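Engineer: Quick one: this structure, given as structure tokens, is what I'll be asking you about.
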Amino acid sequence: MQAHNHFRLLHFSLKKDLDDIYLTLFLRTFALTLIGIFIPLYLLKELHFAFADVLMYLMMVYIFLLCGYLIGFVLIRFIRTETLILISIPIQIAYYFLLYNFDTRNISLAVLGVLLGLSEGIFWLAYNVDFTKFSDKTHRVDEVKIWYVLASAIGVIGPLLGGFLLTRFDFHVVFILVIILLCLSFVPLIALEKRSPVYPRVIHFKYVFHKGHVKNAQRYYVQGVRHLITGVFWPLTIFVFVKEYFSLGLVTSGAAFVSFFVIWWTSGQLTKVNRVVLTDFSALIHGLVSFIKVSVTTFEQVFLVAIASYTTYGVSEIAAESLSFDQASKSRPVEFFVFREVMLTLGRVSMLAVIFFVGLDLLASLKLGFILLGAISILQRFFLH
């Protein structure tokens with residue numbers, strides 16, 4: 001039975017259009033996992049920015065990520081989604097080029113936030129619409145599973161290799177490698193763009209806040225908070241304990257390796273369970289794990305909590321994303337994904353704003369973030385349905 005499932009998934013991934021999308025995603029994801037968790041540390045430790053400056057930078061990233069979605073919303077009426085993805089890649093390359101030169105040139109941190117946000121927003125709107133278009137409704141859970149399992153597998157290698165390169169060389173070497181991989185990610189999309197037909201899209205902003213979208217607003221809001229706290233605050237907390245880039249990569253990759261198998265097995269059960277229940281339950285458990293993060297004091301505790309965190313995060317994201325693609329395919333995909341990004345951005349930016357205005361030091365701010373995520377997860381599960 002296991003072998004049969006693997007061959008089925010291979011069949012899905014080798015569909016020509018999805019194959020090109022997966023290859024682009026592989027190259028892009030590998031590039032970003034090499035450096036992603038280390039960039040806040042680069043700003044704090046190498047460039048000596050205050051934590052408040054980093055919070056403001058993150059606000060700029062998320063606000064302009066939404067702006068990227070809105071720009072894509074306008075452009076997607078006239079051009080291919082594949083062209084939008086191609087547009088996003090040079091913007092992201094420019095971001096890493098400026099990071100490479102940051103310590104030798106007078107570059108504003110706000111400019112970096114704008115570039116990263118725009119590139120991410122344009123990419124993810126186009127990618128989500130593309131995936132909705134090319135994926136098979138009957139087997140969408142399996143195709144989302146491939147996406148996340150692929151990302152999880154890369155997540156095992158990327159941080160470990162990135163940490164090694166940072167220890168052996170420096171950030172500039174990793175920035176160059178990331179730029180090369182992003183350039184290579186152009187190639188599959190060029191082929192897909194040539195095959196993809198151009199057709200005008202009838203898109204109306206009034207449908208962004210359709211009642212069918214709004215009913216899930218709180219779920220996307222909490223998801224946005226979860227992205228911020230788990231994706232940014234948790235790696236910073238790990239570094240506070242391990243104090244080395246390679247050790248951070250080792251803990252992250254080791255936890256991702258263990259959680260990979262749990263996510264693989266659990267995601268295989270998605271067609272057999274109620275995904276709404278699984279999404280909410282796994283998000284609740286992830287929120288409860290966030291409470292535990294406040295009290296970790298040893299390397300062993302950090303590693304065990306990291307496994308629990310990445311596992312519950314992965315399960316909740318696979319379930320939530322498969323539900324999102326189902327909803328997008330039944331309504332207006334472009335308007336749906338813009339609405340979802342509005343709520344994700346509200347979650348991220350409101351959390352950053354609270355932590356910024358409270359004005360605690362780094363470690364206390366990180367702990368406050370974990371407490372707030374746990375509290376919001378409980379509130380969403382038991383009181384907001």
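The values are calculated or read from the model by the stated rules, or taken from the named source; none is laboratory data. Values in this document were obtained by computation on a predicted structure and should not be read as measured data. Ideal geometry is used to build each Cβ from the backbone, glycine not excepted, and the neighbour counts take in all protein chains shown. Surface accessibility is based on the protein's heavy atoms, side chains included, excluding ligands, DNA and RNA. Shrake-Rupley method; radii C 1.70, N 1.55, O 1.52, S 1.80 Å.
Engineer: Starting from the Cα gyration tensor of segment 42-87, multiply each eigenvalue by 5, take the square root, and state the resulting semi-axes largest first in whole Å.
Structural biologist: Calculated on Cα positions only, the semi-axes equal 32, 12, 4 Å.
Engineer: Related question: Quick check: net charge around Lys211, other residues with Cβ under 14 Å of its Cβ, Lys/Arg +1 and Asp/Glu -1?
Structural biologist: +3
Engineer: As an exercise, take the mean of 1/r over every pair of distinct alpha carbons in segment 299-385, invert it, and state the Kirkwood radius in angstroms.
Structural biologist: 15.4
Engineer: Which percent of the accessible area of segment 35-126 is formed by carbon and sulfur heavy atoms (probe 1.4 angstrom)? Walk me through the intermediate numbers first.
Structural biologist: Values: 2370 of 3390 Å².
Here it works out to 70 percent.
Engineer: Could you sort 344-351, 301-308 so that the peptide with the highest average Cβ count within 10 Å comes first and the rest follow in order?
Structural biologist: Ranked from most to least packed, the peptides come out as 344-351, 301-308.
Engineer: Okay, moving on. How do the peptides 154-160, 358-364, 183-189, 369-375 rank, highest first, by the average count of neighbouring beta carbon atoms within 10 Å per residue?
Structural biologist: In decreasing order of mean packing, 154-160, 358-364, 183-189, 369-375 become 154-160, 369-375, 183-189, 358-364.
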